[in-house]
1. Note down all Cβ pairs under 9 Å where the first residue falls in region 7-28 and is within 14 Å of Leu40 (Cα to Cα) and of a type in the set (A, V, I, L, M), the second is at pLDDT below 95 and not in a helix (DSSP H, G or I), and they're at least six residues apart or on different chains.
2. Tell me which residues, restricted to region 16-38, are over 14 Å from Gln4 (Cα atoms) and surrounded by 11 or more Cβ atoms within 10 Å (Cβ to Cβ).
3. Looking at (1) at pLDDT 90 or above; (2) in a helix (DSSP H, G or I), which one does Met18 not meet, given that it meets all the others?
4. Considering every residue within region 64-72, establish whether at least one is outside the structural domain of Cys11 (by TED's automatic domain parsing), outside any helix (DSSP H, G or I) and either more than 30 Å from Gly15 (Cα to Cα) or at pLDDT below 90 (or both).
5. Within the bounds of region 93-103, is there any residue that is assigned to a loop (DSSP other than H, G, I, E, B) and touching a Pro at 6+ places or on another chain (Cβ under 9 Å)?
6. If a residue must be under 14 Å from Glu8 (Cα atoms) and touching a residue at least 24 places away in the same chain (Cβ under 8 Å), how many such residues does region 29-42 contain?
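The values are calculated or read from the model by the stated rules, or taken from the named source; none is laboratory data. Remember, predicted model here, so these are calculated numbers, not experimental data. All Cβ positions, even for glycine, are placed from backbone atoms using ideal geometry, and neighbour counts span all protein chains on display.
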Amino acid sequence: MNCQCEPEALCRFLGDEMDAEERQSMETHLGQCTDCTRMLAALRVTDRCLEQLDQIEPDAATLLDVRRAMACERQRSHDDSLMTMDEVAEYLRLDPDEFERVASQVPAFEFAGKVLVRRSQLLEWVRQRERTYANAEAGSLVTGILAFPGKAGVA
């Protein structure tokens, strides 16, 4: 196409997704532009061909696979989002005083005068703290068993 008309605009015209002013402007343009007139005709043929295709209803397993893939993609894109320190405190369900005690340990960086945290790094930081806590708990349990061998298994 030699003109500056966007193909998306032709699709919106074909789908009746334009307001009256845009539609009038497109109709005027189509009266003068043979490239866009040909493209619109091709789009109409394509639409008619697509309408003739059989509708395929996917089985439950396929739907589940697609939903899982979409959820993974949403999670992946969500994990890389940036959070402010206030959002981090809210996410961790800490009041300001509690958060102040751990804020210096959070994997944060400064950008444009704001302290930000990448969600994926925050989640990894939380996982590391969970592992540390679990290991410490397991260690104290073993220590307790070794210190009082006759009490093993007693709650």
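1. From region 7-28, the pairs are Ala9/Met18; Met26/Cys5; Met26/Met18.
2. The answer is Glu17, Met18, Glu22, Arg23, Gln24, Glu27, Arg38.
3. (2)
4. Among the residues of region 64-72, not one is outside the structural domain of Cys11 (by TED's automatic domain parsing), outside any helix (DSSP H, G or I) and either more than 30 Å from Gly15 (Cα to Cα) or at pLDDT below 90 (or both), which makes the answer no.
5. no
6. So the count comes out to 3.
Conditions tested, residue by residue: (1) more than 26 Å from Glu73 (Cβ to Cβ); (2) modelled with pLDDT of 85 or more; (3) part of a helix (DSSP H, G or I).
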site	(1), (2), (3)
Glu87	no, yes, yes
Val115	yes, yes, no
Ser120	no, yes, yes
Leu123	no, yes, yes
Thr132	yes, yes, yes
Asn135	yes, no, yes
Gly139	yes, no, yes
Ile145	yes, no, yes
Gly150	yes, no, yes
